[in-house]
Amino acid sequence: MTDAFARYPSPSAGALQRHSRENQGAGDIMTNLTRRGFVGLGAMAALSGCAALPRGAPVQDEVLASTRGKEMGFAVYPVTRAFLADYARWPSPVPPGPGWLARRRGPASAVIVAGDRLELTIWDSEENSLLTPPGQRMTRMTDVVVAPDGTIFLPYVDALHVAGMTPETARAEIQKRLSGIVPSVQVQLRLVSGRRNSVDLVGGVRNPGRYPLEDRDTTILSLLALGGGVSEGLRNPQVRLLRGGRTYRISLARLVADPSRDTTLRGGDKVVIEADTRHFLALGAATREELIYFPSDSLTAIEALSLAGGISDTRADPRG
């Protein structure tokens, strides 16, 4: 071993001096780096002591801190791909209501119900008629109201049940009863629908009001046409049908897109057209921090992010 070390010459004095200067230079560099490190840490500490940067919503730590030691009405879950299966099994916070009623064709004729009014025109060609005034061949009977039991009163005939008949069937029956008194009699009948044979169109159209059912095949879209169409500017119009104490809902877009959903109306129905009230709140790193309404029936997360103006570069988390 001694012989091996003896092969290397001993360092000269000049070499030792150069080595000392190199070590001193390295020490100076390390000292400068250490000083810079302290300056960086000091700047970070100063920033942490300042007020938080402008933002529109609490950060994650603040939300989680607000739940500690309290019984809150909400829970915080991470939004990860692994959690999607659990989220899909969550119950809906809103109990499912009645669906929508499919289209069912009805007869192309109206039917008389209690509360309707009949306007009768009676012709008689005989000179001494029991039905017409002297010197006239015709008489009118207006505002013949169908009673709650479905009957009307006619002179010389008494009560006649007409509820459930079509106008033509009732006209023929009235003429048949009167012909026993006046053989040459002829009858004309006009039906004026009452409340139970009409529907109410409430709001969201140019001409809201009560509309009589011209037949038993009148649909919601036909009613909207009678009302002058849906008001312009109504956000994602929603259709509500109130029938028999139940409420059915559908969007106008779905109703128009699928003719099988154009429900046939019944007497006493109420139809309400209103704007879609569903919304979400865009907060945090979103460009637009505000309440945003749904523009359509369904909305994906990407579409919602687009409506919020995307992610703000100054507030977004660069880690994704």
Restricted to the range 215-237 and to residues being among the charged types (D, E, K, R) and over 20 Å from R261 (Cα atoms), the residue surrounded by the most Cβ atoms within 10 Å (Cβ to Cβ) is R235
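Which residue out of L307, L299 is farther than 27 Å from E62 by Cβ, of a type in the set (A, V, I, L, M) and surrounded by 12 or more Cβ atoms within 10 Å (Cβ to Cβ)?
Just a single option satisfies the conditions, and that option is L299.
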For the range 110-136, which residues satisfy the criterion of being of a type outside the set (A, V, I, L, M), in a loop (DSSP other than H, G, I, E, B) and surrounded by 14 or more Cβ atoms within 10 Å (Cβ to Cβ)? G115, D116, D124, S129, T132
Please specify each residue of the range 116-168 satisfying the condition of being charged (D, E, K, R) and out of contact with any Leu (no Cβ under 9 Å at 6 or more places or on another chain). E126, E127, R137, D149, D158
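Per-residue answers, yes or no, for (1) surrounded by fewer than 16 Cβ atoms within 10 Å (Cβ to Cβ); (2) assigned by TED's automatic domain parsing to the domain that holds G233; (3) in contact (Cβ under 8 Å) with a residue 40 or more places away in the chain:
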residue: G244; (1), (2), (3): yes, yes, no
residue: R249; (1), (2), (3): yes, yes, yes
residue: A257; (1), (2), (3): yes, yes, no
residue: I292; (1), (2), (3): no, no, no
Residues that are closer than 16 Å to R103 by Cα, in contact with a strand residue (DSSP E or B) (Cβ under 6 Å, 6 or more places away or on another chain) and of a type outside the set (G, A, S): find the strands (runs of 3 or more DSSP E) completely inside the range 220-275 holding 2 or more of those. 238-243, 246-251
So is D217 assigned to a loop (DSSP other than H, G, I, E, B), more than 19 Å from the chain's Cα centre (by Cα), of a type in the set (D, E) and not assigned by TED's automatic domain parsing to the domain that holds M138 or not? yes
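The values are calculated or read from the model by the stated rules, or taken from the named source; none is laboratory data. Keep in mind that this is a model prediction, so the values were computed, not measured. Heads up, the Cβs are rebuilt from the backbone with ideal geometry, glycines too, and the neighbour counts pull from every protein chain shown.
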